[in-house]
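Structure record follows, encoded as structure tokens.
The values are calculated or read from the model by the stated rules, or taken from the named source; none is laboratory data. Everything numeric in this text was worked out from a predicted model, so none of it was measured. Counting neighbours? That spans all protein chains shown, and the Cβs are built from the backbone with ideal geometry, glycine included. Note: areas computed on protein heavy atoms with side chains; ligands, DNA, RNA excluded. Shrake-Rupley method; radii C 1.70, N 1.55, O 1.52, S 1.80 Å.
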Amino acid sequence: MQRWLIAAVVTCIAAAGCSDPSRETAAHEPRPPQAGQPVSPLATARHMAAIEAAAVTGNQRVVQRHLEGMSNDMLRSMRVADPSRPVGHESARAVVARVPGVRSSAWVDGHNLMVLVDGARYRSMAMIDRLCVAMEPLGDTLAVTVNLQDVTATTSAGADTLSRNCQLPMGEQPLMQSRRQMDVLDPELRRAFEAQQAHRG
């Protein structure tokens, strides 16, 4: 890459932030990082500029750090969790227990965390975000799927499990990780059956 092009990109980033989506974070409630997105050309340019500058001064540690950063960006784009940063199960349960609205939690398997919440207002995507943000310091939450159940639910619909991976849209899973059905009857099948029964009534 031409030196002048790298310098122009870095100047643009420093001065105005260009159009880097990562800077478009308004003062809302924090959200977990999102995987599965295309690798940002600006992020790659920053890594390349840092690698070239470090190579000139012979700073191999910085070169290695930015090479690893580029590799991690690619893995996240491919929805691959970092195996070197697993989320400790007991540490995660301890952190989750401190989030308001949580009654209890348990790991169903190596990736699925079941969290019982105290009311319908806590059975939400916002609650999943809060739990995932709380677990971020423990490791790569791309390997974690949070499953919420409302222990106060009085209807079958309210008792449905709300599930989502920490860093992916609802319904998507990391590479090599299959979706696990948490309810005895799939919610979509149950709703179709109830609609059919109502139509007959």
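Brief remarks on what is shown
- For Asn147, the criteria (1) closer than 15 Å to Gln167 by Cα; (2) in a helix (DSSP H, G or I); (3) more than 13 Å from the chain's Cα centre (by Cα) hold in every case but one, which is (2).
- Residue check, Glu90 modelled with pLDDT of 95 or more, more than 30 Å from Met48 (Cβ to Cβ), in a helix (DSSP H, G or I) and among the charged types (D, E, K, R): yes
- Filter result (hydrophobic (A, V, I, L, M, F, W, C) and open to solvent by less than 30 Å² (accessible area, probe 1.4 Å)) within the range 135-145: Met135, Leu142, Ala143, Val144
- Inspection of the range 146-160 identifies no residue that is under 23 Å from Gln37 (Cα atoms), modelled with pLDDT under 95 and open to solvent by less than 20 Å² (accessible area, probe 1.4 Å).
- The lone exception for Gly101 - which of (1) of a type outside the set (A, V, I, L, M, F, W, C); (2) in contact with an Asp or Glu (Cβ under 9 Å, 6 or more places away or on another chain); (3) open to solvent by 60 Å² or more (accessible area, probe 1.4 Å) it fails: (3)
- Any hit, the range 75-85, residues being buried (at least 21 other Cβ atoms within 10 Å of the Cβ), touching an Asp or Glu at 6+ places or on another chain (Cβ under 9 Å) and modelled with pLDDT of 95 or more: no
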